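> Supplied in structure tokens, the structure appears directly below.
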Amino acid sequence: MGRIIEEIYVWRLPVRFYHWINALCMVVLFVTGMYIAAPLLSPPLGEAVWYKGMGWWRYMHFVFAFIFIANFLFRLYWALFGGDKYARFGGFRPWSPSWWGKPFREQVESYLFLRTDEPNYVGHNPVAALAHFVFIFCGSTFMILSGLAMYGENNPGGFNETLFGWMIPLFGGSYTLHFIHHLGAWMLPIYVIMHLYAVIRHDVVDRTSVTSSIITGFKHKVEEEPV
Ligand code: HEM
Ligand code: HEM
């Protein structure tokens, strides 16, 4: 066993704020995005001019999109320059064979209940780091670039179209980009199911209070370096 630490402050306030703002934005963007794709609520009878249903859902999508973008940029800044040991990009080296080796394999085995002793990290474990890189970093980057390109279509020749418009021909047109942005949205429920399984399972199996750590900042009984 590695060194046991009774209580350690892992997630600083900026990271916790980022987490919950990001979670809220993603849920709102998913729901409003699905409404844009398939409006469930049809307007009651009357003159169409009085019903701004779709306009409201699209407006909400864009309001939360810009909060989401600002929050994402803040987290990038914090990962690169934040001076926060557990929230930096520092330890994340998926290109290195040592990273993919034993620690990664052991963590996957433990998630699948194929081993009894539990690796127990202070910050993100290697599987969590990879999941966040693929789903949250790459996923958000794609959703932001494609979203801003589609948003730019509102104002041809404007700021967004000039900066991000290249995404539309790259993906073969506006319709296909809508479709791929839509497919990208479905990454969210897949990620959330895996994420909640992982964090709640940690609490149940190793009692390190991982789940509440993203609210309080503290984890309990964690090992500095699992062996
Ligand atoms: C987690 C992030 C996001 C999710 C889950 C999401 C989801 C969706 C979905 C499902 C659609 C409907 C696509 C279709 O079938 O036509 C959509 C449309 C759209 N989204 Fe997003 N989106 C996200 C982020 C963004 C961002 C950051 C922007 C940037 C402004 C954005 C801008 C747009 C635009 C412009 C449309 C097209 C609206 C229209 O054609 O009326 N989205 N989004
Ligand atoms: C849409 C919903 C959610 C999304 C998109 C999401 C996303 C994330 C991301 C990106 C991180 C990494 C944080 C960072 O390093 O900046 C994270 C960590 C974490 N999240 Fe969530 N989260 C969601 C919901 C939740 C919920 C509902 C809970 C609690 C019940 C939760 C508990 C945690 C915990 C405990 C961590 C730290 C995990 C660790 O020790 O490595 N998350 N989440």
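Bear in mind that the values in this text are calculations on the coordinates, not laboratory data. What you are looking at is a predicted structure, and each value in this text was computed from that prediction instead of being measured. Positions of Cβ are generated from backbone atoms using ideal geometry, with glycine treated the same way; all protein chains shown enter the neighbour counts.
> Mind giving me the FRET efficiency for Ala38 and Thr211? R0 is 25 Å, r the Cβ-Cβ distance, nearest 0.05 is fine.
Working: r = 33 Å, r/R0 = 1.34.
The pair Ala38/Thr211 has a calculated efficiency of 0.15.
> Pick out the long, greasy-scoring helices in the chain: whole DSSP H runs spanning 20 Å or more along their own axis by Cα, mean Kyte-Doolittle at least 1.0.
On the way: long enough: 13-37 (35 Å, 1.41); 53-81 (42 Å, 1.09); 187-206 (28 Å, 1.07).
TM-like helix candidates: 13-37, 53-81, 187-206.
> Could you please rank Asp117, Asp206, placing first whichever residue has the fewest other Cβ atoms within 10 Å of its Cβ?
Details: Asp117 11, Asp206 18.
Fewest-to-most ranking of Asp117, Asp206: Asp117, Asp206.
> Residues with beta-carbon under 11 Å from that of Thr216, excluding Thr216: net charge, scoring Lys, Arg +1 and Asp, Glu -1?
Working: positive: Arg16, Lys219; negative: Glu7.
After counting each charged neighbour, the total is +1.
> Ranked by Cβ crowding within 10 angstrom, fewest neighbours first, how are Ser209, Ser96 ordered?
Numbers: Ser209 16, Ser96 9.
Listed from fewest to most nearby Cβ atoms, that is Ser96, Ser209.
> A further question follows. Please give the contour-minus-distance gain from His182 to Phe62: 0.36 nm per residue of separation, less the Cα-Cα distance, rounded to one decimal in nm. Intermediate values should be presented prior to the final figure.
Values: separation 120, 0.36 × 120 = 43.20 nm, distance 1.50 nm.
Extra length available between His182 and Phe62 comes to 41.7 nm.
> Cα to Cα, under 20 Å, and not fewer than 8 places away if on the same chain: which aspartates and glutamates meet these conditions relative to Lys221?
Glu6, Glu7, Glu106, Asp117, Glu118, Asp203, Asp206
> Enumerate the lysines that Lys102 could reach by cross-link, defined here as Cα to Cα under 19 Å, with residues fewer than 8 away along the same chain left out.
Straight-line reach from Lys102, under 19 Å: no lysines qualify.
> In the stretch 103-158, which chymotrypsin sites (Phe, Trp or Tyr not before Pro) are in a loop and have at most 16 other Cβ atoms within 10 Å, using DSSP for the loop call? The partial results should precede the final answer.
Values: sites: Phe104, Tyr111, Phe113, Tyr121, Phe133, Phe135, Phe137, Phe142, Tyr151; in loops: Phe113, Tyr121.
Listed in order of number, the matching sites are Phe113.
> Given the convex hull over the Cα atoms of the chain, what projected area results after averaging over all orientations, in nm²?
15.6
> If I stretch the segment between His132 and Arg105 completely, what's the gain in nm (0.36 nm per residue apart, minus their alpha carbon distance), one decimal? Before the final figure, lay out the partial values.
Numbers: separation 27, 0.36 × 27 = 9.72 nm, distance 1.71 nm.
That pair, His132 and Arg105, stretches by 8.0 nm at full extension.
> What net charge is computed for the residues neighbouring Arg105, neighbours being all others with C-beta under 15 Å from the C-beta of Arg105, Lys and Arg scored +1, Asp and Glu -1? Provide the component values of the computation, followed by the final result.
Working: positive: Lys102, Arg115; negative: Glu106, Glu109, Asp117, Glu118.
That works out to -2.
> Moving on. Set the Förster distance to 22 Å, then compute FRET efficiency between Phe81 and Trp20 from the Cβ-Cβ distance, nearest 0.05. Present the calculation step by step, with values, prior to reporting the outcome.
Values: r = 22 Å, r/R0 = 0.99.
Using R0 = 22 Å, I get an efficiency of 0.50.
> Then there's this: Residues in the stretch 157-185, backbone N under 11 Å from the label point at Phe142 (7 Å along the Cα-to-beta-carbon vector): list them, ranges by number please.
Of the residues in the stretch 157-185, 180-185 have backbone N under 11 Å from the label point off Phe142.
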